[in-house]
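All remarks here apply to the structure that follows.
The values are calculated or read from the model by the stated rules, or taken from the named source; none is laboratory data. Because the structure is predicted, anything quoted here is derived from the model rather than measured. Cβ placement follows ideal geometry from the backbone for every residue including glycine, while neighbour counts extend to all protein chains displayed. For the accessible areas, the whole protein counts, side chains as well, though only heavy atoms, and no ligand, DNA or RNA atoms are used. Shrake-Rupley method; radii C 1.70, N 1.55, O 1.52, S 1.80 Å.
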2 protein chains.
Amino acid sequence: MKSYMEVLRATKHKVRGHRLAPMKEQMKVFETLDENLMPDMYGTGSVIESFQNQMAEVLGKEASVFFPSGTMAQQIALRIWCDREKNKKVAYHPLCHLEIHEQDGLKELHGIKTVLLGDKERLFTLEDLVHLGQVAVVLFELPQREIGGQLPSWTDLVEMVMYLKSRGIHTHLDGARLFECLPYYEKSAQEVCELFDSVYISFYKGLAGVTGAILAGEKAFTEKSKVWKRRHGGDLYHLYPYVVTASHAYELRKDRMQGYYEQAVEYASKLSQVEGIKILPEVPVCNMFHVHFNERADDVTGQLIKVMESSDVALFGGLQNRANGLAKAEIYIGDEYGLIGDEKIDRAIAELKQIGISANQKRG
Amino acid sequence: MKSYMEVLRATKHKVRGHRLAPMKEQMKVFETLDENLMPDMYGTGSVIESFQNQMAEVLGKEASVFFPSGTMAQQIALRIWCDREKNKKVAYHPLCHLEIHEQDGLKELHGIKTVLLGDKERLFTLEDLVHLGQVAVVLFELPQREIGGQLPSWTDLVEMVMYLKSRGIHTHLDGARLFECLPYYEKSAQEVCELFDSVYISFYKGLAGVTGAILAGEKAFTEKSKVWKRRHGGDLYHLYPYVVTASHAYELRKDRMQGYYEQAVEYASKLSQVEGIKILPEVPVCNMFHVHFNERADDVTGQLIKVMESSDVALFGGLQNRANGLAKAEIYIGDEYGLIGDEKIDRAIAELKQIGISANQKRG
């Protein structure tokens, strides 16, 4: 019998954000480029500088620097605030990208100690901050990916940031999915970023660029970040393959976020009608959410395979186990959802309802 | 009056390695790519793995890892040897890339102390190594760029490496220009790399790729380097824009190194006939050498501008000042030299001879 992942790969229609395009297609944007345009060199040149200026304006910051990765950009941001405060402690959510996906680069390369705020399963709150000792900077991740893309209310967010300011603690925004949460807040990127001393955004999540990130803040901050970028080995000879495609992806998708968000709300509502499935957060606040199954992964794959094979629609991507041993899936809405169309998705959900998600039903 | 750099930029024919191509031209290789080929993802996928395997074979090492930059690759290599030996000291030439071009990343990020071997103005020798205290690793840069691309003789090189091995000190090769020095040694890349525990090569110097580097060694070493690559923020979502172009550049130029070398020897010989110019090393040992002027930069630019304006050939690139205040220029031979052709170059040199290089002649 084929495995869940094998069937998933073979399924034609996948609810999975954006389709991963072949290399040739991703680089097609260069075919239409003016043939005289010259590459950037070690962070200088109009191709990179003009994009940095544009992004600084979009984010309402004095300056911005293009980085090959957010991993590099964010470690550097936190390091600069630590140096500024002569305090090598930062605080963030227990499931922060730096804590779980970066092989402890922040600790191993920068010797920075981290304080985990609140609890894994929820957003941190003002109360968590009140109990926090003095740190140089607090990192906010909007939305908080690992718990289904949850967001604090705007009022709570502002209150937390103002509280930290009053204590002389810097704030940094992990805005890898910043544009994705603007529709819920009904704010511009500038209005959100204004709260924070520094901001990082990514170009290959919701925007589906190739690779790359922007770090923005005051000029004194971004100039320091360039020195650290060189130290990290990120001041590349040419960054234009990422810059040009990031710019293209940004222009193409920046105005689609409202649509992704509405589709996420709609899709979550449809899935929530299947018995044995719970949606987190109950009503999505951006283009992503988590699906919690009331069964272990091994006990649901059989049913999900049946649905994929008969409908040629994959309602979920890979499955993970939660702390309690039960399965979860991350849903991320991008261009693909609209391309599949309601009819196919509704039919697949109807089949899933009929087959039933729970192991009991399967055995019954 | 126009400045030296302005005239240089406006001059049609430049002796400068390779012409810097516009972005569109650099990315043209993707137009001919099979349209189904998929990107690498975080260091996995056939496009990156097959190139890493090929390069491991070319370098005669068990495995290799593609990095966005040599700055990142080499800091990591040295860090791994330091950790292995529980000794945070490394030794290298005083003008090593890590010492002068990387904003002290090795010290600031890895807390590694450096010992400078011998003297700025010459290669280090066995005697320098004999006086060296215990370090984890010694870095060899072949050729030693900042002093005109000098190389130790093969016998001296082997003797130094064997001596270090006998003391249990690791050896790392900065092979940013490895292929460029093979003609002089009359050795294969494998034969040179066999001497060293780890090797880094670059794709955008003599090979004129877009950006990127390979770090090679035993599998246990390269696997560790992948963890550090993630920590540095170099484990990018997609590296294929650099990998595909590096592969293309390697295939295109790997067999041109003998030609570049011979042209460098020829060009150096021609320039050495101009009074007031000295070549370092007297006879080049790879495709590069330095030109030492017997005048300060300000006192030669007038003459060099005249030659550029009348011949439309720039015999030199940017000028730098040496420690003694007199000017030097770095010559790096690539595709451009052959494209300009002997006739134009000879005519420009003849003009330079006639005008004269020295300030006295100018004033006389």
(request) Provide the per-residue ³J(HN,Hα) series for region B:215-228, in order, calculated from phi with Karplus coefficients 6.51, -1.76, 1.60 and θ = phi - 60°, each as a whole number of Hz, with x at glycine and proline positions. (result) 10, 10, x, 5, 4, 4, 6, 5, 5, 4, 5, 5, 5, 5
(request) Taking each label point as 7 Å beyond Cα in the direction of the beta carbon, state the distances from B:Met1 to the same residue in the other copies, shortest first, in nm. (result) 8.6
(request) Using θ = phi - 60° and the Karplus relation 6.51 cos²θ - 1.76 cosθ + 1.60, list the HN-Hα couplings for region A:153-164 in order, rounded to whole Hz, with x at every Gly or Pro. (result) 5, 4, 4, 4, 4, 4, 4, 5, 5, 5, 4, 5
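R0 = 45 Å: FRET efficiency of B:Leu280 with B:Glu62, Cβ-based, nearest 0.05? Walk me through the intermediate numbers first.
Numbers: r = 37 Å, r/R0 = 0.83.
With R0 = 45 Å, the Cβ-Cβ based efficiency is 0.75.
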(message) Which of A:Asp255, A:Asp197, A:Asp235 ends up with the largest GNM mean-square fluctuation for chain A, with Cα atoms connected below 10 Å?
(response) A:Asp255
(message) Suppose you put the label 7 Å out from Cα in the Cβ direction; list, shortest first and in nm with one decimal, how far B:Glu282 is from each other copy's label.
(response) 8.8
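Which trypsin sites (Lys or Arg not before Pro) from region A:65-132 combine a DSSP loop assignment with at most 13 other Cβ atoms within 10 Å?
Values: sites: A:Arg79, A:Arg84, A:Lys86, A:Lys88, A:Lys89, A:Lys107, A:Lys113, A:Lys120, A:Arg122; in loops: A:Lys86, A:Lys88, A:Lys120, A:Arg122.
Here the trypsin sites (Lys or Arg not before Pro) that fit, given the DSSP loop and packing criteria, are A:Lys86, A:Lys120, A:Arg122.
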(request) Mind checking the per residue accessible area of region B:234-353 for me, 1.4 Å probe, whole number of Å²? (result) 40
(message) How big is the dipole moment of the protein assembly as shown about its Cα centre under a simple scheme where the beta carbon of each Lys and Arg is +1, that of each Asp and Glu is -1, and everything else is neutral? Debye, nearest 20, please.
(response) 980
(message) Given the rotation that superposes chain B on chain A, what residue of B brings its beta carbon nearest the axis, and what is the distance in Å?
(response) B:Pro241, 2
(request) Compare B:Tyr163, A:Tyr4, A:Tyr92 by solvent-accessible area with a 1.4 Å probe and give them largest first, with all protein chains kept in place. (result) B:Tyr163, A:Tyr4, A:Tyr92
(request) Once you've got the Cα coordinates, tell me which of A:Lys107/B:Lys165; B:Lys254/B:Lys328; A:Lys219/B:Lys120; A:Lys328/A:Lys353 are over 24 Å apart. (result) A:Lys107/B:Lys165; B:Lys254/B:Lys328; A:Lys219/B:Lys120
(message) Could you report the accessible area of A:Tyr260 in Å², rounded to 10, computed with a 1.4 Å probe on the protein chains as they sit in the structure?
(response) 10
(request) Enumerate the calculated ³J(HN,Hα) couplings along region B:232-243 in order (Karplus 6.51 cos²θ - 1.76 cosθ + 1.60, θ = phi - 60°), each rounded to whole Hz, writing x wherever the residue is Gly or Pro. (result) 6, x, x, 8, 6, 3, 10, 9, 4, x, 7, 5
(message) Heavy atoms of the protein only, probe of 1.4 Å, neighbouring chains included. What is the accessible area of B:Thr11 in Å², nearest 10?
(response) 10
(request) Compare B:Met41, B:Met72, B:Met160 in a GNM of chain B, Cα atoms joined below 10 Å, and give the one with the largest fluctuation. (result) B:Met41
(message) Taking a virtual spin label 7 Å from the Cα of B:Trp154 along the C-beta vector, which residues in region B:278-300 bring their backbone nitrogen under 16 Å of it?
(response) B:285-286
(request) At 7 Å along the Cα-to-beta-carbon direction for both A:Thr44 and B:Gln273, put a label point, then send me their distance in nm to one decimal. (result) 3.7
(message) Using a 1.4 Å probe and counting only protein heavy atoms, how much accessible surface gets buried when A and B come together, both sides summed, in Å² to the nearest 100?
(response) 4500
(message) Please compute the modelled spin-label separation between B:Asp104 and B:Arg347, points set 7 Å along Cα→Cβ, answer in nm with one decimal.
(response) 5.2
(request) Please build a GNM for chain B, connecting alpha carbons under 10 Å apart, and tell me which residue among B:Glu25, B:Glu186, B:Glu336 fluctuates the most. (result) B:Glu25
(request) Would you mind computing, in nm to one decimal, how far apart the modelled labels at B:Gln258 and B:Asp34 are, each placed 7 Å from Cα along Cα→Cβ? (result) 3.2
(request) One decimal, nm, shortest first: give the distances between the label point of B:Trp154 and those of the same position in the other copies, each label point 7 Å from Cα along Cα→Cβ. (result) 7.4
(message) Please report the carbon-and-sulfur percent of the accessible area for region B:23-252; probe 1.4 Å, protein heavy atoms only, DNA, RNA and ligands left out.
(response) 47
(message) Going by Cα centres, region B:8-59 and region A:11-41 are how many Å apart?
(response) 16
(request) Note down the accessible area of B:Asp104, probe 1.4 Å, to the nearest 10 Å². (result) 50
